[in-house]
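Taking it in order: structure first as structure tokens, then the write-up.
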Amino acid sequence: MRYFPLFADLEGRRCVVIGGGGEAARKIRLLRKTGARLLVVAPRAETEIVEAAASGALTLVNRPFDPEDLDGAALLVVSDDGSQELDPILSAARATGIPINVIDNPSRSTVIVPGIVDRDPILVAIGSAGAAPVLVRRLREKIEALLPSRLGALARFAGRFRGAVSASITEGEGRRLFWESVFDGPIAGRVLAGDETGASEAMLRAINDDRRAERVGSVALIGAGPGDPDLLTVKALRMMQDADVVVHDALLGEGILDCVRRDADRIDVGKRKGKHSVKQDEINEILLTHARAGKRVVRLKGGDPFVFGRGGEELAHLRRHGIAVEIVPGVTAALGAAASCAIPLTDRRHASSVTFITGHGKDGALDIEPALLAEGRNTIVVYMGVSVAGGIAARAIAAGRAASTPVAVIERATQPDQRVLRGTLAGLGALVEEQAVRGPALLVIGEVTAAANALPFPLPRTAPAPVPERLAV
Ligand SMILES: C[S@@+](CC[C@H](N)C(=O)[O-])C[C@H]1O[C@@H](n2cnc3c(N)ncnc32)[C@H](O)[C@@H]1O
């Protein structure tokens, strides 16, 4: 990180802007919001700047730059519009040590201005160290769409009650929980809906309510998807960022845990094949204990919690003990893998159904109905099937499925090192062994794995397109 993010307090400080064109006018509009004392040095200036000067909002001098303009200045902003020579201005500024921003020219600047989303007093700043301004603009648009327009009003509302809350809830953790319940609950909803009077009344009631400290814990069973963090649902992400405790599996993709609130407690209960690090009963107890302690617990599972995820067992245990449980579905491995390899799991030409089966039954034994394996127009996706691939293939052939049925093995689906192998049902066991598939991997059996799809197979996920030499920088 080359650029250190800072917010500069410019209220009442002197700021010098060189240039009077459209680019300078845009920066002046932003600077005026800070309450800075603006001096604009420009032989010619846009009407907007001239009018601002006439109204007393800034000082405009219609002449070239003079080094004395910088006396006592906190910031210099330069619009390199060709009307003045840049080098003498920059060397005078460097001699004084004030921060210099040359608009759209990071290499000549000592500070750069980020893209911003303004919900004053909430300000979101986004930068790319000058590498990708268009990407920054895209991100800004996305964040703009995400943040309620009255977010600033909510921040001001909270600011008004800060002193009262601190005086009435002296313990830090209790105060944090109180504010979280305000921001996540109906009080914030009222402010955002424009009902500040109703929100203020509710806020006073909450501050004076002794029972607020008896916080009731809850558990969210959340599907984290097959590995790519971009496949998390918006709800999963929001709840992961609100969690007090996250109890998670081992097989979560790289980057998923980075989306969890930084100061949440993390408990790894991951089961790796053949090595049950934490037993299911213990996991149930961990969830229960933390929920009873009033925590918001997130149980984060790979894929979907209700697809070979034992989510049902955890749900039953928690419900038996009266704990509120919310279930947030995730993209199950079969769907993630199929999408990333462009395999339509059903296709009118080849398959009218799809079956998800596990290679490991309740007691570790293969537990699959032969009729499920036999049906020719059915796509079979086998979870946890790597070590029994040969046995599953033999059963399917014995049940009547053609030995030539195409198959695919998809390892670490949707992750940067995804691997896809293809073969036939007869060769499935050998394929898995010869290619040393370690998993997590899915076996996909059916005509759809060989269907002529528009996309190459496997997708070129990791190799970036070569940069033509004349464009290389
Ligand atoms: C205990 S199951 C959990 C399934 C999960 N609940 C889901 O909905 O995807 C674990 C198995 O899911 C499959 N799996 C999970 N993530 C995978 C991935 N990224 N690529 C391929 N298979 C995956 C593997 O077969 C693995 O052995």
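Among the residues of segment 119-150, those that are within 20 Å of ASN101 (Cα to Cα), open to solvent by less than 60 Å² (accessible area, probe 1.4 Å) and part of a strand (DSSP E or B) comprise VAL124, ALA125, ILE126.
The criterion of at least 3 residues that are open to solvent by less than 70 Å² (accessible area, probe 1.4 Å) is met by the following strands (runs of 3 or more DSSP E) wholly inside segment 1-112: 14-18, 37-41, 73-78, 100-102. Does ALA153 satisfy the criteria of being touching a residue at least 40 places away in the same chain (Cβ under 8 Å) and surrounded by 14 or more Cβ atoms within 10 Å (Cβ to Cβ)? The answer is yes for ALA153. Annotation note: Cβ proximity below 9 Å between a residue of segment 292-321 that is within 19 Å of LEU237 (Cα to Cα) and open to solvent by 10 Å² or more (accessible area, probe 1.4 Å) and a residue that is near the ligand (Cβ under 7 Å from one of its atoms) and hydrophobic (A, V, I, L, M, F, W, C) (sequence gap 6+ or interchain) occurs for GLY302/LEU251; GLY302/ALA333; ASP304/ALA333.
Inside segment 334-374, residues that are touching a strand residue (DSSP E or B) at 6+ places or on another chain (Cβ under 7 Å), open to solvent by 30 Å² or more (accessible area, probe 1.4 Å) and of a type in the set (A, V, I, L, M) make up a count of 2. Selection of segment 156-167 for residues being within 23 Å of ASP244 (Cβ to Cβ) and loosely packed, with under 15 Cβ neighbours inside 10 Å yields ARG162, SER166.
When the residues of segment 251-288 are filtered to those that are within 12 Å of the ligand (Cβ to nearest atom) and modelled with pLDDT of 85 or more, the one that is nearest to VAL386 (Cα to Cα) is GLN280. With respect to (1) out of contact with any His (no Cβ under 7 Å at 6 or more places or on another chain); (2) at pLDDT below 80, the lone exception for GLY217 is condition (1). From the list ARG377, ARG438, the lone residue that is within 15 Å of the ligand (Cβ to nearest atom) and surrounded by fewer than 23 Cβ atoms within 10 Å (Cβ to Cβ) is ARG438. If the condition is being part of a loop (DSSP other than H, G, I, E, B) and within 12 Å of the ligand (Cβ to nearest atom), then segment 310-325 contributes only ARG310. Pairs, please: C-beta under 9 Å, at least 6 apart or cross-chain, first residue within 13 Å of GLY376 (Cβ to Cβ) and in segment 347-361, second surrounded by fewer than 13 Cβ atoms within 10 Å (Cβ to Cβ)? If the second residue must be surrounded by fewer than 13 Cβ atoms within 10 Å (Cβ to Cβ), the pairs left are ALA351/GLY376.
Taking the residues in segment 389-426 that are touching a Pro at 6+ places or on another chain (Cβ under 7 Å) and away from the ligand (no atom under 16 Å from the Cβ) as candidates, determine which candidate is least open to solvent (accessible area, probe 1.4 Å). Across segment 389-426, the extreme among qualifying residues is ALA399.
Quick grid of which residues meet (1) closer than 26 Å to ALA393 by Cα; (2) among the acidic types (Asp, Glu); (3) within 11 Å of the ligand (Cβ to nearest atom):
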position: GLY303; (1), (2), (3): yes, no, yes
position: PHE308; (1), (2), (3): yes, no, yes
position: ILE327; (1), (2), (3): no, no, no
position: THR346; (1), (2), (3): yes, no, no
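The values are calculated or read from the model by the stated rules, or taken from the named source; none is laboratory data. Everything numeric in this text was worked out from a predicted model, so none of it was measured. Cβ coordinates were reconstructed from backbone atoms using ideal geometry, including for glycine residues, and neighbour counts include every protein chain displayed. Please note that ligands, DNA and RNA were not included when accessible areas were found on the heavy atoms of the full protein model with its side chains. Shrake-Rupley method; radii C 1.70, N 1.55, O 1.52, S 1.80 Å.
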